[in-house]
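Written out below as structure tokens is the structure these notes cover.
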Amino acid sequence: MAAKYIFFTGGVVSSLGKGIACSSLGLLLKSRGYKVTIVKLDPYINVDPGTMSPYQHGEVYVTNDGAETDLDLGHYERFIDTDMSQINNTTAGQIYNNVIQKERRGDYLGATVQVIPHITDEIKNHIKMVAEKTKADVVIVEIGGTVGDIESLPFLESLRQFRLQNKPEDTLVVHLTLVPFIAAAEELKTKPTQHSVMRLREIGIQADILLCRTDRKLDISTKEKIGLFCNVSSQAVKTALDVKTIYEVPIQYAESGFDDLVLERLQLPKNQLEISALREKINRYKKVDKQIEIAICGKYVDLLDAYKSIMESFIHAGMENDVKVSLKWINTETIEHDGLGDKLAGCSGILVPGGFGERGIEGKLSAIRYARENKIPFFGICLGLQCAAIEFARNVLGETKANSTEFDPNSPSPVIHLMEHQREISNKGGTMRLGSYPCKLKNGTRAFQAYGNDLIDERHRHRWEFNNSYRQRFEENGMIISGLSPDEKLVEMIELKDHPWFVGCQFHPELKSRLSKAHPLFREFVAAAIKFSSL
Ligand code: GLN
């Protein structure tokens with residue numbers, strides 16, 4: 001079967017949840033037996049978000065094949081439970097880069113290289129290439145940005161051409177828009193939607209389905225009004241209600257008949273929808289009244305998008321442990337300024353997430369020491385493992401100046417250092433240890449217990465590594481090296497012997513937690529925190 005293509009555009013304002021909308025429709029189509037993939041087209045000029053600050057871009061999501069991508073790819077994987085790869089995200093920067101390289105090679109045979117057709121062809125070819133490589137029945141394409149942005153124009157123009165060049169029943173455009181309720185008038189307002197659909201029509205794109213974000217149900221007369229002004233039938237105006245958890249979105253879509261309509265328009269058989277397990281999971285989770293608090297001691301705590309996958313992993317782990325995990329965000333610089341005080345009081349677990357740079361490190365070390373000495377469940381991810389190693393070297397081994405050479409290049413006790421082959425690298429983009437690597441677990445450890453397996457694969461994004469010359473002293477003093485690369489050259493996991501749950505990993509487990517299956521380390525960390533809370 002030739003692939004079908006569903007394009008998502010966004011209107012009125014950003015942050016309407018286009019990524020969640022694509023993922024939710026993807027989940028429903030997959031539940032009906034279709035092979036689905038999702039591509040994100042980002043209009044910015046950066047080649048990838050790897051070099052962007054979390055303040056600009058939120059979390060950088062890493063795929064198995066080591067691409068640094070938009071955080072929406074995390075939603076795609078979590079919802080449709082399918083691994084994405086580097087082809088699932090491209091940017092204006094990548095597209096232009098490819099075209100410029102071809103131009104330099106002389107591929108265009110003397111032609112003037114232009115946005116139309118060269119850039120637009122490159123975009124369309126990318127979408128077709130994804131369909132071919134993934135052999136998906138349905139390719140969902142999320143066009144980043146908001147209709148009306150100058151940056152998105154080449155992508156939208158490609159969409160116009162794509163429709164022209166493919167059968168009408170093979171492509172579909174869903175426009176996600178906002179229908180705000182204006183309290184003073186006590187009315188839902190349709191004008192912003194009318195205007196954003198008008199902008200689309202001005203550039204030759206007629207949306208097929210309007211997905212309207214609202215905080216209340218759209219009544220039939222509002223739907224008729226939107227339909228009339230926007231040139232679609234009122235049946236194609238769908239309500240996308242605000243919901244409590246993003247994982248309810250697919251259920252709400254199914255109830256509104258959104259996926260039915262999509263299949264009708266694409267002339268695809270309406271196979272039986274299988275989402276009873278999801279419904280059950282969500283209903284059960286909604287009834288959970290037990291709650292625990294876990295502290296996240298990090299740097300970007302005023303920008304929660306920087307820790308998106310960690311937050312979602314706690315929801316998945318909460319679902320499997322019948323508990324609501326409330327996260328207490330602690331900026332570790334505040335620990336440096338005013339001490340620990342009672343900042344961690346009442347927390348049943350402490351997590352130190354990944355990060356870069358020196359800011360807030362000493363505060364992280366204080367939090368880790370507190371977790372180690374008070375036997376509070378601790379989970380260190382990437383930089384979190386590195387800090388746990390520094391803290392252990394300083395306060396257990398007595399190496400008071402222990403550090404990572406990232407923060408103190410001349411440390412006399414460099415427990416975390418650069419591997420030989422990393423030292424020569426000067427380019428910042430895409431030069432870290434990136435993507436999936438195998439790891440061997442030691443029998444009888446917490447890590448082994450969690451995974452129930454001695455060989456795992458996890459995703460990395462870092463430059464610094466544990467310094468092997470400290471391995472023996474760590475082990476002799478109660479820090480177990482529980483995970484190693486198969487050649488035993490790299491320390492991937494550590495854990496404390498005499499502690500209820502103190503685990504650090506060099507990789508990012510949060511990138512592999514799924515709605516259908518929580519990540520084993522998050523599941524076990526939450527289980528340990530529940531135990532601690534009932535002591
Ligand atoms: N800054 C550390 C490194 O590059 C940790 C990176 C991370 O936490 N992702 O090794």
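A short reminder: the numbers here are calculations on the coordinates, not readings from a lab. Small disclaimer: the values here were computed from a predicted structure and weren't measured. Positions of Cβ are backbone-derived with ideal geometry, glycine not excepted, and every protein chain shown enters the neighbour counts.
Put a dot 7 Å past the Cα of Asp219, heading toward its Cβ, do the same for Lys270, and the two dots end up 2.7 nm apart. Positive contributions from Lys and Arg (+1) and negative ones from Asp and Glu (-1), summed over other residues with Cβ under 14 Å from the Cβ of Lys401, come out at -3. In a simple Cβ point-charge model (Lys, Arg +1; Asp, Glu -1; nothing else charged), region 72-165 has a dipole of about 340 debye relative to its Cα centre. Simple spin-label estimate for Ser234 and Gln114 gives 4.5 nm between the two label positions (7 Å along the Cα-to-Cβ direction from each Cα). Length available on full extension from Glu132 to Asp242: 0.36 nm per residue minus the Cα-Cα distance, which gives 36.1 nm.
Listing Arg216, Arg446, Arg473 from the residue with the fewest other Cβ atoms within 10 Å to the one with the most, what is the order?
Numbers: Arg216 12, Arg446 22, Arg473 15.
So the residues, fewest neighbours to most, are Arg216, Arg473, Arg446.
With the cut-off at under 17 Å, measuring from each backbone N in region 116-158 to a point 7 Å along the Cα-to-Cβ line of Leu164 picks out 116-125, 153-158.
Summarising the amide proton neighbourhood of Trp501: residues at separation of 5 or more, or on other chains, whose placed amide H is nearer than 5 Å comprise Phe378.
Rounded to the nearest 500, the helix-only mean residue ellipticity at 222 nm of the chain stands at -11000 deg cm²/dmol, with each DSSP H run of n ≥ 4 adding -39,500 (n - 2.57). Positive contributions from Lys and Arg (+1) and negative ones from Asp and Glu (-1), summed over other residues with Cβ under 15 Å from the Cβ of Val301, come out at 0.
Using 0.36 nm per residue of separation minus the Cα-Cα distance, give me the extension gain between Gln252 and Met311 in nm, one decimal.
Gain on stretching Gln252 to Met311: 19.0 nm.
Per residue, the average separation of C-alpha pairs within less than 8 Å and at least 6 apart gives region 327-469 a relative contact order of 17 percent.
Panel order for His126, His337, by other beta carbons found within 10 Å of each beta carbon, from fewest to most: His337, His126. Taking 7 Å steps out from each Cα toward its Cβ at Lys328 and Glu362 produces label points 2.3 nm apart. Among residues other than Leu241 whose Cβ falls under 14 Å from its Cβ, what is the net charge (Lys/Arg +1, Asp/Glu -1)? Its environment carries a net charge of +1. Reported to the nearest whole Å, the Cα centre-to-centre distance from region 91-152 to region 239-286 is 32. Annotation: the residues Met432, Met419, sorted from fewest to most other C-beta atoms within 10 Å of their own C-beta, follow the order Met419, Met432.
What's the FRET efficiency of Asn97 with Asn395 using the Cβ-Cβ distance as r and R₀ = 41 Å, to the nearest 0.05?
Working: r = 48 Å, r/R0 = 1.16.
My answer for the efficiency is 0.30.
3J(HN,Hα) couplings calculated from phi for region 171-180 with the Karplus curve 6.51 cos²θ - 1.76 cosθ + 1.60 (θ = phi - 60°) are, in sequence order, 10, 8, 10, 10, 10, 8, 9, 10, 10, x Hz; Gly and Pro show x. Packing order of peptides 293-300, 517-524, highest average first: 293-300, 517-524 (average count of other Cβ atoms within 10 Å over each peptide's residues).
Semi-axes of the chain's equivalent ellipsoid from the Cα gyration tensor, sqrt of 5 times each eigenvalue, largest first, rounded to whole Å?
Each semi-axis is √(5λ); the values are 44, 28, 21 Å.
When only Cα pairs below 8 angstrom with a gap of at least 6 residues are kept, region 216-365 shows a relative contact order of 21 percent.
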